[in-house]
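Note sheet for the following structure.
The values are calculated or read from the model by the stated rules, or taken from the named source; none is laboratory data. Model, not experiment: these values are computed from the prediction. With ideal geometry, Cβ positions are generated from the backbone for all residues, glycine too; neighbour counts draw on all protein chains shown. SASA here: full protein model, heavy atoms, side chains in, ligands and nucleic acids out. Shrake-Rupley method; radii C 1.70, N 1.55, O 1.52, S 1.80 Å.
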Amino acid sequence: MVDRTLQLAQRLLGFDTINPPGDEAACMAFFAGWLSDQGFEVTLSSFGEDRCNLIARMPGTQAGSPLAFTGHLDTVPLGNQTWQYAPFGADIVDNRLYGRGSSDMKAAVAAFAVACVTHQAAIRAGKGVILLITGGEETGCDGAEALIAGGDLPEVGALIVGEPTANYPVIGHKGALWLRCETRGKTAHGAMPELGINAIYLAAEALGKIRQFEPGAPHPLMKKPTLNVGRIQGGLNINSVPDRTQFDVDIRTAPNLQHVTIRQNLSTALGETVTISTLVDLPAVLSAEDNDWIASVYQHCQPLHPEPLAAKIVPYFTDASLLLPALNHPPCIILGPGEPAMAHQTDEYCLLSRLAEAEKLYGELICDWQAK
């Protein structure tokens, strides 16, 4: 069935789903049709023009909660560097499937979808599976937020997130707190700056303080939280005193830190000249390593890795930040064939060997769940 997975992955990669601006509708409609043809019960939902989510159900006949998979179909922009391989061409060269979204994370979506179809008999005789497919993940889990707001989330027993891990089972990820900081001044002619208040200078003072700011204490597994100022904008023209400046702050956190406390502490540190608003607020994710299902996932993954598996997290966020609380916190594993280092890169690729491993691995996890 690997050829079938590859073909589906190539079809998904052929759609331009770059976000922003975000346009998953055509890709999601194709995938909905494919899933429906394979026996899934599919529900499409919109959260804006050309923005889509999808829930696909393959119910079982046995009592118990279904196993859930989640993945997103939007991708980040191509960047400014020239691509050697067509970003939507799904070229195959030297065991690599190229294309924007190959590692992050359309190949994984193809792998778990085909694995469900392959093991459809076991699923229908067992507890069933659910696929939660989102748009808008790359800009702060907008699709997952809309999916939750729609109120149609089913009960699930465990969640597999197909983000890129090179098929290594990962039990959590950092949280993300994105803040917009703004300074306000008073405009004046650039030749008479003493008549104004320069908002860029106020921002520069704030940026000096923010470099010394510590978001909180380290976490045993996730280590120190990180902070990065990723964007700044101020001023309208060279010969005026700027009266407004904004800079955006990306803080990555751990379960031991409260986002409301971090924001309050940062506001205190920066002082009254800076106002802060929240852009994205996604909590950290961490499953218990001693959970029985997590332990069984480790057992299935171990043959794919030469060293004994250890508890790992990833620094990026996933839709699990929002989905897990909405699903009543089932155990969750992040597990996908993509190469973590390839996410968001020029000439992004997924190894075909990893894709084949993932399809087989997902199939094993599906069958195990149905037989529990």
Just for the stretch 204-255: of the residues that are open to solvent by less than 50 Å² (accessible area, probe 1.4 Å), part of a helix (DSSP H, G or I) and without any contact (Cβ under 8 Å) to a residue 60 or more places away in the chain, which one is nearest to Ala176 (Cα to Cα)? Leu207
When restricted to Pro337, Pro308, Pro325, the only residue in a loop (DSSP other than H, G, I, E, B) and surrounded by fewer than 21 Cβ atoms within 10 Å (Cβ to Cβ) is Pro308
Considering only helices (runs of 4 or more DSSP H) fully contained in the stretch 67-153, which possess at least 1 residues that are in contact with an Asp or Glu (Cβ under 6 Å, 6 or more places away or on another chain)? 107-118, 142-149
Please enumerate the residues belonging to the stretch 237-257 that are small (Gly, Ala, Ser) and under 15 Å from Pro215 (Cβ atoms). Ala254
Determine whether Glu137 is charged (D, E, K, R), buried (at least 24 other Cβ atoms within 10 Å of the Cβ) and modelled with pLDDT of 95 or more. yes
Give the residue that is farthest from Cys141 (Cα to Cα), with candidates limited to residues of the stretch 1-31 that are part of a helix (DSSP H, G or I) and not hydrophobic (A, V, I, L, M, F, W, C). Asp3
Conditions first: (1) modelled with pLDDT of 95 or more; (2) farther than 14 Å from Ile171 by Cβ. Ala320 passes all but one, so which condition is the exception? (2)
Pick out the one residue from Asp319, Asp292 that is of a type in the set (D, E, K, R) and either open to solvent by 40 Å² or more (accessible area, probe 1.4 Å) or without any contact (Cβ under 8 Å) to a residue 24 or more places away in the chain (or both). Asp292
Please work out if Thr268 is in a helix (DSSP H, G or I), more than 30 Å from Leu365 (Cβ to Cβ) and more than 20 Å from the chain's Cα centre (by Cα). yes
Are there any pairs, at least 6 apart or on different chains, whose C-beta atoms fall under 7 Å, with the first in the stretch 90-117 and on the phi < 0 side of the Ramachandran plot and the second of a type in the set (Lys, Arg), and if so, which? Val114/Arg4
Ile200 being of a type in the set (A, V, I, L, M, F, W, C), in contact with a Leu (Cβ under 9 Å, 6 or more places away or on another chain), closer than 13 Å to Arg184 by Cα and open to solvent by 20 Å² or more (accessible area, probe 1.4 Å): no
So, in the stretch 178-197, how many residues would count as being open to solvent by 90 Å² or more (accessible area, probe 1.4 Å) and touching a Phe, Trp or Tyr at 6+ places or on another chain (Cβ under 8 Å)? 0
Unique match (being surrounded by fewer than 21 Cβ atoms within 10 Å (Cβ to Cβ) and either closer than 30 Å to Glu357 by Cβ or under 21 Å from the mean Cα position of the chain (by Cα) (or both)) among Ala9, Ala56, Ala63, Ala29: Ala29
